[in-house]
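Everything on this sheet refers to the single structure shown next.
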Amino acid sequence: MDALDLARWQFGVTTVYHFLFVPLTIGLGAFVAGLQTAWYRTGKDHYLTLTKFFGKLFLINFAMGVVTGIVQEFQFGMNWSEYSTFVGDVFGAPLALESLVAFFLESTFLGLWIFGWNRLPKRLHLAAIWAAAIGSNLSAYFILAANAWMKHPVGYEVVNGRARMTDLWAVLTNPTALAQIPHVVAAAFVVAGGFVLAVSGYRILRERGLGVTGRRTAEPATAGAGDGDGDATIPLRRRTDMWRTSLRGALVMTALAGVVVAGTGDLSGRLLHEQQPMKLAAAEGLTRDTAGAPFSIVPGVEVPNMLSLLAAHDPGATVQGVDDIQRRYEEQFGPADYTPNVPVVFWSFRVMIGFGMATVGLSVLGLWLTRKRRGGQPSGQRGRQRGRRHDSRTGEKRAAAPVPSWFARACVLALPLPMMAIIAGWLLSEIGRQPWTVQGELLTAASVSPGVSLAEVAISLSVFTVLYGVLAVAEAALLVRHVKAGPEQPPTIPDPTLTAADPDAARLTPTLMY
Amino acid sequence: MTTFWFIVIAFLWTGYFVLEGFDFGVGALLPLLSRSEAERRQVIGTIGPVWDGNEVWMITAVGAMFAAFPAWYSGLLSSFYLPMFLIVAGLIVRGVGLEWRGKVRPGRERALCDAGIVAGSVLTAFLWGAVFGNLLYDTVLATVIGGLLSLSVAILHGAVFVTLKTTGPVRARARRAALLAAAAAVPVGVVALPSIPASAMDVPNWSASPWLWACAVLAMAALTAGVALVWRRREGWAFTATALSIVLTTATLFGAMWPAPLPGLTLAEAASAPYTLTMLTWIGLIALPAVLVYQGWSYWVFRKRLTVDISSH
């Protein structure tokens, strides 16, 4: 065990941890902005309630994404000074642009959004949450462009032992980046979608007096009302309708994002075949160059020619194998071990695909289950017509099917799936890149800070791990508590004193968001 | 181009120290300025909408160092490993405390958040000064004096900011806190500020530059003027003076670090290629003015003094 091993562990721990929060920030920010837009355009109260409810969950999570991100920026210099000196000319530029273009936008406008509920005009306040959400997504673009350069360096030359950028545009439009960015961002929307599905599913069960395990916890008289028998009390109906709205929104978001993830995943697979053959070989555990390579669903269960089909869109194509690439790399770069940790890469690949597809499959199933049916139950929304525009499409003819309780339960239980899928995707991508920090240019072993001692890294690694552990428990407890408590203003109890005098008053009443 | 980017980075650090300087001060003074939860919310509310945006100045400064002077960035962060680690840990505890205090249960949980805000603010404010003090002199004494300077000036700056942004008892307490902080900041400043240009005496043709000495003297003058203005209850001008003092101190500091920001490393050796610097310049010229405009606008939106708000919660 030396400083290099600990520095790698620290990078792995802090990066995976950071990435538990970031996808939710990226996807949930846009989702909250969408909810607020719906409220702005329709004036319906339940959109406002949902905006504030999910907004609060978003902010609890956002804090963690920000503070753990600072660690990332610092530890390149702290633990990987040789890497930083080598790549800074190219790699530093997108990082600087990320702060300048994305982080300022995100943090400034989020501050305006949190504190601006009763200070800004409604239109500007809506623009603030969109600006913050756009900032989050822009930051993903820059950091992923920097990351893609490590795997497929472009637009540079090496002068005096340092990479020198020759073409910024090439770095920002690296084909690896252009495949990876939509893949990761869309996956973030799947994670956020999975989160909203779980929260909405839980709230629906709770409104019906059902627990996640299927036991009745309260209000047994109204239980089962959502299953379509139509004898529900109106408040319950309206409450579940509100969560049905957020659930439907998340289903649409997850399904659409899932299509993008699949398409760009296919593109990334083909780029791996051309640019990072070792990662592809390790992902299948393929030892020898193989024509018509199979894909193992699990070890022993193979689909013939599938890997070749995925990698080159040609069932007969030759996919390189780990041992043969190792031999060729030794000829090219000199003797060393160029093979990443094959079992980790192999299983990450399967967890990513399996859990990711399960989440998207769940969303497609949900869309079908909750589709609007001719002659079905009338929607409970119709009673609330104070908005600017009454939605006539959900009138008598077509009505929304209620969310089955078993499906709501499945949404809650599926919460870990997209998170595990996206983390597995990173393990595949970054462990599969080893032993390189910059593919073909710089080895991880040569990247570490020479002057930093084992003790120093041990201290920072252990403190970060403990601190992060405590904060993770605290964040989970906070989120669970707020989800259980539900929204601060139930939409079923409009305040007559506010609405009578001024129809806008209720909408402008701020909730304490901070 | 190298000099230009050195000035840009100095500018970003200056923005960070001026803006997050008062954030740190407000955080450090939280328990001293408030006697009730409503007052604590009033104190935190002065920085609530803006502190995160202020922190991005540091993230951008560090990012710009990475891009423009990779060897400076990696050398500074790896040679000050433990202080940098503590700064990041302090920023984590502080940021989470600020964001979560309104979302946890009142009582013990909120008190824990407040403790995080205070500890994180004090630790980080001290460490930045300590790092630069150590960088210039490499002695324990200089490290401690540097840390005390940044901490005491941040507390003074933060107290003045609270007097400017609040009403009622909190404002009165902040004025007393500012005067007390000045009792520490002014003597420390008298020792520390002239030491900054003096540290660069052995760099030929530069350290003797009268400009650096002028900056250091003006920084002292601005600091003292700030104290006098607090005494005379001219809060807006007092804040301008403490901000100006931080600007001049940072200018002196970066002046003393030119042209070798780390021992044995010149800017020319540390710099990225001219192509990279040119590209960054063009993007910076477009993006930075926009940032200044919308961040300035956010301060304008939240320009009003905060009163004690008992109704919420």
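The values are calculated or read from the model by the stated rules, or taken from the named source; none is laboratory data. The shown structure was predicted, so the numbers you read here are calculated from the model rather than taken from an experiment. Here Cβ is always computed from backbone atoms with ideal geometry, including for glycine, and neighbour counts include all displayed protein chains.
A few comments on the model shown:
- The residue of the stretch A:55-67 that is farthest from the other protein chains (Cβ to nearest Cβ), among those that are in contact with a Ser or Thr (Cβ under 7 Å, 6 or more places away or on another chain) and crowded, with 23+ Cβ neighbours inside 10 Å, is A:Asn61.
- Test result for B:Leu141, surrounded by fewer than 24 Cβ atoms within 10 Å (Cβ to Cβ), at pLDDT 90 or above and over 21 Å from B:Phe17 (Cα atoms): yes
- Check on B:Asp23, buried (at least 22 other Cβ atoms within 10 Å of the Cβ), modelled with pLDDT of 90 or more, out of contact with any strand residue (DSSP E or B) (no Cβ under 9 Å at 6 or more places or on another chain) and not polar (S, T, N, Q): yes
- Being part of a helix (DSSP H, G or I), more than 17 Å from B:Phe132 (Cα to Cα) and modelled with pLDDT of 90 or more holds for only one residue in B:Leu248, B:Leu277, and it is B:Leu277.
- Filter result for A:Val90 (of a type in the set (A, V, I, L, M, F, W, C) and more than 25 Å from the chain's Cα centre (by Cα)): yes
- Some residue of the stretch B:39-53 being touching a residue at least 60 places away in the same chain (Cβ under 8 Å), in contact with a Pro (Cβ under 9 Å, 6 or more places away or on another chain) and surrounded by fewer than 24 Cβ atoms within 10 Å (Cβ to Cβ): yes
- Residues that are more than 7 Å from chain B (Cβ to nearest Cβ) and of a type in the set (A, V, I, L, M) were ranked within the stretch A:79-103; the one that is surrounded by the most Cβ atoms within 10 Å (Cβ to Cβ) is A:Val90.
- Any hit, the stretch A:37-49, residues being surrounded by fewer than 20 Cβ atoms within 10 Å (Cβ to Cβ) and touching a Ser or Thr at 6+ places or on another chain (Cβ under 6 Å): no
- Only one of the numbered conditions (1) touching a helix residue (DSSP H, G or I) at 6+ places or on another chain (Cβ under 8 Å); (2) modelled with pLDDT of 90 or more is violated by A:Gly214, and that is (2).
- Residue within the stretch B:3-19 that is assigned to a helix (DSSP H, G or I), surrounded by fewer than 24 Cβ atoms within 10 Å (Cβ to Cβ), modelled with pLDDT under 90 and within 11 Å of another protein chain (Cβ to nearest Cβ) present: no
- Of the residues making up the stretch A:36-55, none is within 21 Å of A:Met420 (Cβ to Cβ) and modelled with pLDDT of 90 or more.
- Here A:Phe76 meets each of (1) more than 10 Å from chain B (Cβ to nearest Cβ); (2) surrounded by 24 or more Cβ atoms within 10 Å (Cβ to Cβ); (3) not small (Gly, Ala, Ser) with one exception, condition (1).
- Elements of the type helices (runs of 4 or more DSSP H) sitting completely within the stretch B:44-103 and holding at least 2 residues that are within 7 Å of another protein chain (Cβ to nearest Cβ) and within 17 Å of the chain's Cα centre (by Cα): these cover B:51-68, B:81-100.
- Yes/no for B:Thr167 being more than 15 Å from B:Val122 (Cα to Cα) and surrounded by fewer than 17 Cβ atoms within 10 Å (Cβ to Cβ): yes
- Cross-chain or 6+ apart pairs with Cβ under 8 Å, the stretch A:160-181 first and free of Cβ contacts under 8 Å to residues at least 12 places away in the same chain, then not polar (S, T, N, Q): A:Thr166/A:Gly155; A:Thr166/A:Tyr156; A:Thr166/A:Glu157; A:Thr166/B:Tyr275
- Selected residue [part of a helix (DSSP H, G or I), surrounded by 20 or more Cβ atoms within 10 Å (Cβ to Cβ), at pLDDT 90 or above and of a type outside the set (D, E, K, R)] from B:Ala154, B:Ala115: B:Ala154
- Candidates A:Leu124, A:Leu138: the one that is facing chain B (nearest Cβ under 10 Å) and at negative phi is A:Leu124.
- When the stretch A:147-169 is limited to residues that are part of a helix (DSSP H, G or I) and crowded, with 17+ Cβ neighbours inside 10 Å, the one that is farthest from the chain's Cα centre (by Cα) turns out to be A:Leu168.
- Failed condition for B:Phe239, given (1) more than 14 Å from chain A (Cβ to nearest Cβ); (2) of a type outside the set (A, V, I, L, M); (3) over 21 Å from B:Ala181 (Cβ atoms): (3)
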